[in-house]
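Inspection log for the structure reproduced underneath, given as structure tokens.
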Amino acid sequence: MDHFSYKNGEMHAEDVPLSRIATEVGTPVYVYSTATLQRHFRVFSDAFSGLNALVCFAVKANSNQAVLSTLAREGAGADVVSVGELERALRAGIPADRIVFSGVGKKPSEMRRALEAGIKQFNVESEPELEALDLVAGKMGVIAPVSLRVNPDVDAKTHHKIATGKSENKFGIAWDHAPEVYNKIKELPNVRATGVDVHIGSQLTDLAPFKLAFEKVVGLVKSLRSAGHDIEHIDLGGGLGIPYDPDAETPPHPLAYGDMIKSVLGDLPCSIILEPGRLIAGNAGILLSEMLYVKQGEDRLFYIVDAAMNDLLRPAMYEAFHHISPVTEPGDNAQNAQVSADFVGPVCETGDTFAKARKTVPMSPGDLVAFKSAGAYGAVMASTYNSRELVPEVLVKGAEYAVVRARPSLDDMIGLDSVPDWLSD
Ligand code: LLP
């Protein structure tokens, strides 16, 4: 459920008409709903009631400071993958002891900063990384808490670019090698194993691959514990999908996901960590754009909008589906006059296509459209390709809104470059 709906013939974000944001801030612009962020966080957290669970929002999905602060107030922890995300989480008020650091390539400087801050754990993905962490922690005179991210070799049955749990993927420590690496942790003086970590992919719409992976992990935890390793918690990663296209996919409800996890854990005396990103932020955001031109091609209709692949990369990168809804509520006449159109942006690439042969009500230049479910992996993946200004972001709360990342000026953008002396005259 989200809070983008038609009221008085026009789509609103909570109680703010989208046309007001378009007029006052300009398009393209991301618009987030506070109520939806809160609701998703609460529904997800509630699914684990009765367990000792820490929900660490995957900051990579949406790292805006206002979004992170909203979630921090809900009690969220953070899953970060760079020192940049770590600083963002800390500055948003997420306590260090609720932050886990994931990713295959942490630099020693990043490890140092995270140790200094006192994060909950490092999710370590290789032996060389473990050795580097041991060295850094040793120099600082501290012990680094570690979970090894294991690769359970499970097919997540999702888009190949966002599947991470097969042996051919770069992620995690090979399944059969994991017990050996836990033994190695015991030998290293400055790291301590506190948990086991797994993440098999993103936008999973079926519980079966999760269950398979979690059962393997629980088996591993039991054998590690009986071998004398002090495994206190299990990090089950993120990955639960959302219904981008309810006609095509019906991902499980968080409650079903929570129940499955409870049954897999049984009476294992471990706390759990969860790292949802998309499920919290995806449906809490839209990308608002204006129709520039309607172009009749040789054999198709093109709707050219002012948002492009640099603002929302997912369709170009993963063939991802986003609903494209008119901001003005279509009447019965418009509904009956549906057309088929390719929605494209202004970037000079054929890949700058949001949808092909999409059934839609007829639209005209100047009409506003909302790309739905764009709150996760939208703004964070935006760039200035084609020297387009980085897309701004707005957060709505009830009848109020605030610009939470302003559109930079062309001077701001061009001013990041500098011209060396030898070219100055
Ligand atoms: N934990 C780890 C270690 C991850 O790598 C990820 C996502 C998550 C948690 C959060 O997964 P989520 O709950 O959001 O599915 N840009 C792609 C998605 C990349 C996901 C990368 N890792 C997209 O737009 O679909």
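The values are calculated or read from the model by the stated rules, or taken from the named source; none is laboratory data. None of these values were measured; they are calculated from a predicted model. As a convention, Cβ positions derive from the backbone with ideal geometry for all residues, glycine included, and neighbour counts pool all protein chains shown. For the accessible areas, the whole protein counts, side chains as well, though only heavy atoms, and no ligand, DNA or RNA atoms are used. Shrake-Rupley method; radii C 1.70, N 1.55, O 1.52, S 1.80 Å.
Of the set (1) in a loop (DSSP other than H, G, I, E, B); (2) within 10 Å of the ligand (Cβ to nearest atom), all apply to residue 161 but (1). Of the strands (runs of 3 or more DSSP E) lying entirely inside region 357-425, those containing at least 1 residues that are within 24 Å of residue 246 (Cα to Cα) span 368-371.
A single member of 304, 273 is of a type in the set (Val, Ile, Thr) and within 16 Å of the ligand (Cβ to nearest atom), and it is 273. On the stretch given as region 91-108, residues that are among the hydrophobic types (A, V, I, L, M, F, W, C) and surrounded by fewer than 20 Cβ atoms within 10 Å (Cβ to Cβ) total 2. Under 6 Å by Cβ, and 6 or more places apart or on different chains, what pairs join a residue from region 184-211 that is under 18 Å from residue 231 (Cα atoms) and in the same structural domain as residue 122 (by TED's automatic domain parsing) with one that is surrounded by 19 or more Cβ atoms within 10 Å (Cβ to Cβ) and of a type in the set (Phe, Trp, Tyr)? So the pair list comes out as 193/182. Within region 305-350, the set of residues being within 23 Å of residue 249 (Cβ to Cβ) and in a loop (DSSP other than H, G, I, E, B) comprises 309, 312, 313, 319, 320, 321, 322, 323, 338. Annotation: of all residues in region 266-299 being in a strand (DSSP E or B) and over 23 Å from residue 310 (Cβ atoms), the one that is most open to solvent (accessible area, probe 1.4 Å) is 296. Among the residues making up region 364-403, a single one is of a type in the set (Lys, Arg) and either free of Cβ contacts under 8 Å to residues at least 24 places away in the same chain or within 16 Å of the ligand (Cβ to nearest atom) (or both): 372. Would you confirm whether any residue within region 322-333 is within 16 Å of the ligand (Cβ to nearest atom) and surrounded by fewer than 20 Cβ atoms within 10 Å (Cβ to Cβ)? Checking region 322-333: at least one residue is within 16 Å of the ligand (Cβ to nearest atom) and surrounded by fewer than 20 Cβ atoms within 10 Å (Cβ to Cβ).
If you go through region 212-221 and pick out every residue that is without any contact (Cβ under 8 Å) to a residue 60 or more places away in the chain and open to solvent by less than 50 Å² (accessible area, probe 1.4 Å), you end up with 4.
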